[in-house]
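Worksheet for the structure shown next.
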Amino acid sequence: MIRKLVLLAAVPLMLSACATNQGVRGAAVGAGAGALAGAAIGNNVGDGDAGRGALIGAAVGAAGGALIGCRQPGGCGHSANNPNHSELYYDQYSGRYWYEDYRNGATYWQNGEPRTAPRR
């Protein structure tokens with residue numbers, strides 16, 4: 001049972017290394033951490049079902065991690081409704097659109113991947 005729970009928590013953490021933006025990475029890390037915490041709590045509270053606790057913890061952790069990840073610089077990509085993002089500019093060399101984060105001066109590709117480092 002413990003092996004299954006560790007595997008359940010490890011898979012989202014390993015997949016977070018493949019994430020291309022902060023929202024996906026945050027959701028994966030949150031799911032892994034939530035699964036571990038949920039399993040521990042579920043095992044010690046109520047009917048002692050660690051599996052159900054892990055699933056609930058993973059869902060709550062993924063939602064919280066995505067929310068936190070999207071608030072990081074670069075976040076979940078460009079949003080015209082975000083006052084901290086400039087308009088989109090086209091980079092002819094790469095054939096991609098980019099924007100500036102007014103909070104730190106860094107530029108990001110439209111999907112949220114870093115393009116340049118923040119100004120100091």
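Couple of notes before you dig in:
Residue by residue, here is whether (1) at pLDDT 80 or above; (2) more than 17 Å from the chain's Cα centre (by Cα) holds:
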residue: Val11; (1), (2): no, no
residue: Thr20; (1), (2): no, no
residue: Gly34; (1), (2): yes, no
residue: Ala117; (1), (2): no, yes
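- From the options Gly77, Gly95, residue that is surrounded by fewer than 16 Cβ atoms within 10 Å (Cβ to Cβ) and on the phi > 0 side of the Ramachandran plot: Gly95
- Test: residue in segment 87-105 that is modelled with pLDDT of 80 or more, closer than 21 Å to Val24 by Cβ and under 19 Å from the mean Cα position of the chain (by Cα): yes
The values are calculated or read from the model by the stated rules, or taken from the named source; none is laboratory data. Because the structure is a prediction, the values reported are computed rather than measured. Neighbour counts run over all protein chains shown; Cβ positions are idealised from the backbone, glycine included.
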